[in-house]
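Novice: Just passing along the structure, written as structure tokens.
The values are calculated or read from the model by the stated rules, or taken from the named source; none is laboratory data. Source: prediction; values computed, not measured. Glycine gets a Cβ as well: all are built from the backbone with ideal geometry, and neighbour counts include every protein chain shown. Side chains included, ligands, DNA and RNA excluded: accessible areas come from the protein's heavy atoms. Shrake-Rupley method; radii C 1.70, N 1.55, O 1.52, S 1.80 Å.
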Amino acid sequence: MLPFPRTASEKLVMDMFEGNSSQFLAILEALSDPSRRTCMYAPPKLDTTEGGDSLMDVWGELILAGYELISRCDMFPEASIVELARVGSDQLSMSSVLKYIKLAFNYEYWDYYTLAVSHLLPLVEAVEEKTVDLLFIKETITLLDAMKNVSATFKKDTRPSTCFVDNMLDGHCTPPTLDSLNQCLNVQVDRSSARRKSVWAERKDDLSTLMHLCSVLCKIKASSCADEFVKEQGDMLVDAVLLILHSLKENFSRLVSPSTVKQYLGAENIQELMKMMADCNQFSLWLNLYNIDLCYQAK
């Protein structure tokens, strides 16, 4: 492995700041963007201006430099990262490492997210006195993992390309024939009937990830760090609840007639779906979402 500093960004940070804590604080501030929400992860915005490619490289170099500083720590003091930076300490705080983990998650640097979590969690577990702050860190990482699994599942488009419309969207602009039109209509009818017969019968993995996310939220709500979580990570909780409701909305929006209701009440997984809806209602009351948007409760 090359000695530190290895990149231009690492050399600049090392020349401008003294001590690992000061360098790590500078990296966190450079990566932070108040306009981004933690759970709404996406790669850094591509700069199309001249030198944009170099700017994209800087993001990766800063993430790499941040993990290099984390990997040097085998213990974390109780002081904040700002207090450590003032005295030029080479140690980091747990809260600052957690912020790095959230940034790596938000910018989709999954390798460094996994490495940082793997480095932090054993040190958290090794602490004998389990404080609210330690529980807060563990629950935050648990929620990030659950959100990652749910978002990754629902970002996939598993719909098969079975009609000429799908082919045209894919760039295959073959003129439709009467047979292809009939085939397309038959496929759409089959899809509609299959949806009415079962709720997520063919998407059990999607349902299991949603149920896991819902259970994580229930655990956080019942934990001793619930108030601190709402104060510090309120945006993450709101995004998690909205993601669950958005995923369930498609299924429950079909309750438009008595016959449809009867089919849904006898459908597979309906108990799990109804429980998640009830839990989401409790989460919304807990987070005061109904006071923010009056139409939200009706939805």
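Novice: Check every one of the helices (runs of 4 or more DSSP H) wholly within the range 69-136 and list those with 2 or more residues that are surrounded by fewer than 16 Cβ atoms within 10 Å (Cβ to Cβ), at pLDDT 90 or above and hydrophobic (A, V, I, L, M, F, W, C).
Specialist: Ranges flagged: 110-126.
Novice: Based on this model, can you work out whether V13 counts as at pLDDT below 90, more than 21 Å from the chain's Cα centre (by Cα) and open to solvent by less than 30 Å² (accessible area, probe 1.4 Å)?
Specialist: For V13, the condition - at pLDDT below 90, more than 21 Å from the chain's Cα centre (by Cα) and open to solvent by less than 30 Å² (accessible area, probe 1.4 Å) - is met.
Novice: Can you tell me which residue among G88, G66 is at positive phi, of a type outside the set (A, V, I, L, M) and touching a helix residue (DSSP H, G or I) at 6+ places or on another chain (Cβ under 7 Å)?
Specialist: Only one candidate qualifies: G88.
Novice: Another question, if that's okay. Is it the case that some residue within the range 43-59 is under 13 Å from L103 (Cβ atoms), at pLDDT below 85 and open to solvent by less than 40 Å² (accessible area, probe 1.4 Å)?
Specialist: Checked against the condition, which is being under 13 Å from L103 (Cβ atoms), at pLDDT below 85 and open to solvent by less than 40 Å² (accessible area, probe 1.4 Å), the range 43-59 yields at least one hit.
Novice: Give me the helices (runs of 4 or more DSSP H) completely within the range 244-299, filtered to those with at least 2 residues that are modelled with pLDDT of 65 or more and within 23 Å of A222 (Cβ to Cβ), ordered by residue number.
Specialist: Passing ranges, in order: 270-287, 289-292.
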